[in-house]
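Everything below concerns the one structure shown next.
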Amino acid sequence: MTNLNELYDVLVIGGGNAALCAAITARQAGASVLVLEHAPREFRGGNSRHTRNLRAMHLQPTATLTESYSEADYWTDLLDVTGGKTDEHLARITIRDTTDVVRWMETQGAHFQPSLSGTLNLSRTNAFFLGGGKALMNAYYLTAERLGIKVAYNAEVKSLRLVDGAVQDAIAVSEGAPVTVRARSIVVASGGFQANVEWLREYWGDAADNFIIRGTPFAKGLLLRNLLDQGVAPIGDPKQCHAVAIDARAPKFDGGIVTRLDCIPFSIVVDHEARRFYDEGEDIWPKRYAIWGRLVAMRPKQIAYAIMDSKSEELFMPSMYPAIRANSIRELAHKLGLDENALEKTVREFNAAVQPGTFNSGSLDDCRTAGINPPKTHWARVIDTPPFIGYPLRPGITFTYLGVKVDENARVLMSNGQPCANLFAAGEIMAGNILGEGYMAGIGMAIGSVFGRIAGRETGKFARN
Amino acid sequence: MVICNSCRYCEGFCAVFPAMEMRRSFSSGDLSYLANLCHDCRGCYYACQYAPPHEFALNLPQTLARLRADTYAEYVWPRPLAAVFQRNGTFVSLLTSLAIALVLILAASLRPSALFTPRPAEPGAFYAVIPEVAMVGVASMTFGFAMLALAMGFRNFWRDTGGGPVVQTRSLLQAFSDVLTLRNLGGGEHGCNNRDEAFSQARRYAHQSMFYGFMLCFASTCTAAFYEHVLGLVAPYRLFSLPVLLGMVGGLGMLLGTAGLMWVKVQADPAPAAKAMLSNDYALLAQLFLAAATGLLLLISRDTRMMGVLLALHLGVILSFFLALPYSKFVHGIYRSAALLRNAAERPTK
């Protein structure tokens with residue numbers, strides 16, 4: 001068993017990508033490192049185990065990335081999705097450093113794949129882990145073990161004792177027993193608070209009970225709350241999070257990628273009263289999938305239904321749950337638990353509003369509606385060919401954006417602007433510094449990797465020579 | 001498999017996932033095809049975010065291995081022999097013992113004096129122990145039948161998995177190279193997962209050693225037949241003759257390969273394995289190991305009084321091997337190659 005009573009140079013709290021990047025970097029700088037992971041070994045890796053790729057800047061094609069993706073392009077994309085809610089200095093540090101991250105990951109034993117299908121066409125901007133994020137985490141943990149990093153699973157850190165901006169010790173529960181852990185420096189990489197429904201209720205009320213958490217059930221945000229309570233500077237809107245509309249039949253936690261539904265552009269989406277509420281064809285899906293979680297979260301009862309006919313069935317990736325089928329709209333409404341007359345009316349009105357056009361699933365086509373509100377501005381086709389198909393949708397929360405404020409050295413800042421002496425942060429718990437709103441694929445892993453490595457570099461300096 | 005098809009994180013590991021993605025629903029023929037396309041590298045098990053203890057409890061290598069075991073019984077020819085795949089380990093070991101006993105008894109009763117008589121390894125020494133007619137006759141009959149049964153199995157598989165009657169040369173070449181290089185064992189270049197999350201080439205190299213060893217031994221037998229029937233040179237041959245050299249190198253390869261594979265298997269994490277397959281695996285590995293070991297022992301001691309017994313022993317093992325051929329794990333080579341051929345044919349050209 002890992003000895004938790006020793007004095008370590010670096011204590012890393014969390015067990016995902018950011019945590020392991022920090023641990024490995026600090027260890028390679030000569031520090032003794034202890035990693036406390038809340039999850040058991042089988043579920044280690046936080047949300048990273050559900051990830052698939054990393055958004056990386058590159059100036060020429062590489063083995064895993066096509067064409068080039070410049071700092072300017074990357075920055076423009078980030079500015080676009082966040083609507084300017086970002087820290088340009090920290091963002092540019094992240095962007096520049098991603099040029100080195102793929103190579104670094106490979107030297108830690110990670111493998112990448114040449115990009116293939118089903119990935120929202122990201123081969124130019126994103127490098128894909130062979131086998132996904134869990135395989136990446138497996139590689140990291142093997143490297144950590146080889147380097148002599150101590151890892152304790154089932155070890156939840158409850159609080160840090162902060163005195164005059166310096167962490168004295170950490171209070172943890174390891175395998176069910178309380179323990180005080182001491183270290184010269186600390187990296188918090190313990191994620192957001194998305195798995196803490198109580199906390200989500202503070203902002204969302206009862207609606208939070210209907211949220212599905214796509215990733216790890218271990219991201220309770222205990223340390224985040226603990227640090228904010230002790231005067232650490234907060235960053236990010238507590239109501240902001242990465243949320244997508246997922247299949248309502250998904251499990252409460254850890255359903256991951258297979259619960260997502262990409263059918264919305266080819267459907268109409270109705271709420272529990274069978275009314276449409278938003279333009280399903282506003283833009284191409286990669287640019288819109290991340291708004292639908294919030295849209296559904298803001299509807300009564302936090303539920304919605306995607307309705308389409310057999311023409312659209314093969315146009316999107318299948319989810320793991322079977323489509324609900326019926327030979328008439330009335331029957332479909334009945335199966336979905338919707339009012340039959342109301343759904344019939346909505347479909348009838350929608351069909352009457354569809355304008356002639358040339359359907360093209362791959363680009364912004366000219367199939368749109370006229371005279372209804374909200375309109376459907378692309379991919380609008382009459383819903384008339386049985387079998388009719390429905391999918392129930394719920395908001396699926398990936399991670400929350402409220403975090404701790406950091407400087408360019410990943411050092412945690414107090415509310416008075418002073419940096420903490422020995423406390424650093426990386427990953428979801430500080431992603432809000434760069435990602436104030438919105439989302440783009442692979443940016444979470446980019447921030448985690450870059451700031452994990454920075455935190456590792458800085459805490460490595462605490463090594464006793 | 002529905003989960004896999006909506007996840008697709010594993011598509012870089014091997015040919016199974018891209019083949020899966022070409023389908024939305026799976027017929028039983030599709031499942032047979034995918035099950036035999038799987039090389040059991042287990043990369044997808046360790047990378048799977050839904051593997052047990054996750055509530056989805058996804059264990060693809062185990063599921064495919066079980067399906068694979070079913071296909072061996074399903075496509076066997078003649079059909080009533082499907083039952084031998086139920087208890088394959090027992091079947092193969094019984095058959096092996098019986099074949100050895102039979103050859104020993106045969107030798108002892110036909111040429112009782114020759115069995116323990118020391119004689120120099122001069123031409124015709126082997127036939128002194130076992131008459132040429134018996135050896136060649138039995139060998140050609142069993143070999144011929146095995147080939148017929150394997151061909152019928154291939155035909156059954158090919159039909160059921162929807163393979164067309166014509167195959168392009170390009171597909172054939174691709175499948176051929178896939179078989180020879182075991183490209184699909186673990187992401188093409190990183191190897192497979194045997195004990196845990198770490199990748200290793202051990203299994204691939206051991207299999208190659210066994211496979212090429214087997215081919216060399218087969219080549220040795222063929223050259224020996226050529227020597228005898230065309231050149232008129234009768235076995236045993238000199239140490240530095242082609243048949244002996246091929247057999248020696250091949251036999252060593254098989255010994256190392258089968259031992260390596262058994263070692264990998266003993267150490268392997270049982271979680272992603274299918275128990276139903278283990279007895280098949282060990283039975284074939286043991287047969288091949290024995291075949292190589294008795295062959296090499298025979299070579300070492302062919303000038304001693306043990307030659308007669310060892311020859312009978314070796315031939316007994318070989319006889320059982322060919323008798324069991326269509327009814328042992330050996331069939332995986334046929335169906336795997338067929339699946340690779342099917343895959344090469346349906347894969348879009350770049």
Candidates A:L228, A:L200, filtered to the one that is in the same structural domain as A:D164 (by TED's automatic domain parsing) and closer than 26 Å to A:V412 by Cβ
A:L228
Provide a single number: the residues in region A:346-371 that are surrounded by fewer than 14 Cβ atoms within 10 Å (Cβ to Cβ) and touching a strand residue (DSSP E or B) at 6+ places or on another chain (Cβ under 8 Å).
1
Which pairs do you get when a residue that is assigned to a helix (DSSP H, G or I), found in region A:76-101, comes within reach of a residue that is at pLDDT 95 or above and among the acidic types (D, E), reach meaning Cβ atoms under 8 angstrom, with the pair 6+ apart or on two chains?
A:H89/A:E408; A:L90/A:E408; A:R92/A:E71; A:I93/A:E408; A:I95/A:E71; A:R96/A:E71
What residue, of A:V181, A:V173, A:V167, A:V187, is in a strand (DSSP E or B) and under 30 Å from B:F56 (Cα atoms)?
A:V173
For the list (1) in a loop (DSSP other than H, G, I, E, B); (2) more than 14 Å from chain B (Cβ to nearest Cβ); (3) without any contact (Cβ under 8 Å) to a residue 60 or more places away in the chain, I need the number of the one condition that A:D279 fails.
(3)
Taking only region A:304-342 into account, find how many residues are more than 14 Å from every other protein chain (Cβ to nearest Cβ) and part of a loop (DSSP other than H, G, I, E, B).
6
Taking A:V151 as the residue in question, decide whether it is within 30 Å of B:C192 (Cβ to Cβ), outside any loop (DSSP other than H, G, I, E, B), away from chain B (no Cβ under 14 Å) and in contact with a strand residue (DSSP E or B) (Cβ under 6 Å, 6 or more places away or on another chain).
no
Pairs, first in contact (Cβ under 8 Å) with a residue 12 or more places away in the chain in region A:185-202, second surrounded by fewer than 23 Cβ atoms within 10 Å (Cβ to Cβ) and among the basic types (K, R), C-beta under 6 Å, six or more apart:
A:A195/A:K220; A:N196/A:K220
Quick one: B:S113 ticks every box in (1) more than 14 Å from chain A (Cβ to nearest Cβ); (2) polar (S, T, N, Q); (3) surrounded by 18 or more Cβ atoms within 10 Å (Cβ to Cβ); (4) in a loop (DSSP other than H, G, I, E, B) bar one, so which box is it?
(3)
Please determine whether any residue of region B:93-102 is surrounded by 14 or more Cβ atoms within 10 Å (Cβ to Cβ), modelled with pLDDT of 90 or more, under 30 Å from B:D178 (Cα atoms) and among the small types (G, A, S).
no
Which one of the conditions (1) within 14 Å of another protein chain (Cβ to nearest Cβ); (2) within 15 Å of A:A18 (Cα to Cα); (3) surrounded by 22 or more Cβ atoms within 10 Å (Cβ to Cβ) does A:Q108 fail to meet, given that it meets all the rest?
(3)
Within region B:1-21, residues among the acidic types (D, E) and surrounded by fewer than 23 Cβ atoms within 10 Å (Cβ to Cβ) come out as B:E21
Reported set for region B:252-308 where residues are without any contact (Cβ under 8 Å) to a residue 60 or more places away in the chain and assigned to a loop (DSSP other than H, G, I, E, B) is B:P270, B:S301, B:M306
Count - residues of region A:224-273 that are within 14 Å of chain B (Cβ to nearest Cβ) and on the phi > 0 side of the Ramachandran plot:
2
Go through B:R66, B:R42, B:R24 for me and flag whichever is more than 9 Å from chain A (Cβ to nearest Cβ) and surrounded by fewer than 17 Cβ atoms within 10 Å (Cβ to Cβ).
B:R66
Report yes if B:T294 is out of contact with any strand residue (DSSP E or B) (no Cβ under 9 Å at 6 or more places or on another chain) and surrounded by fewer than 20 Cβ atoms within 10 Å (Cβ to Cβ), otherwise no.
no
When you scan region A:384-403, do you find a residue that is assigned to a loop (DSSP other than H, G, I, E, B), modelled with pLDDT of 95 or more and touching a strand residue (DSSP E or B) at 6+ places or on another chain (Cβ under 6 Å), even just one?
yes
Condition check for B:A344: within 18 Å of the chain's Cα centre (by Cα) and crowded, with 17+ Cβ neighbours inside 10 Å
no
Filtering region B:76-96 down to residues that are in a helix (DSSP H, G or I) and in contact (Cβ under 8 Å) with a residue 24 or more places away in the chain yields B:L81, B:V84, B:F85, B:N88, B:G89, B:T90, B:F91, B:V92, B:S93, B:L95, B:T96
Looking at B:L231 and the list (1) farther than 30 Å from B:Y46 by Cα; (2) touching a residue at least 12 places away in the same chain (Cβ under 8 Å), which single condition is not satisfied?
(2)
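The values are calculated or read from the model by the stated rules, or taken from the named source; none is laboratory data. This is a predicted model, so every value here is computed, not measured. With ideal geometry, Cβ positions are generated from the backbone for all residues, glycine too; neighbour counts draw on all protein chains shown.
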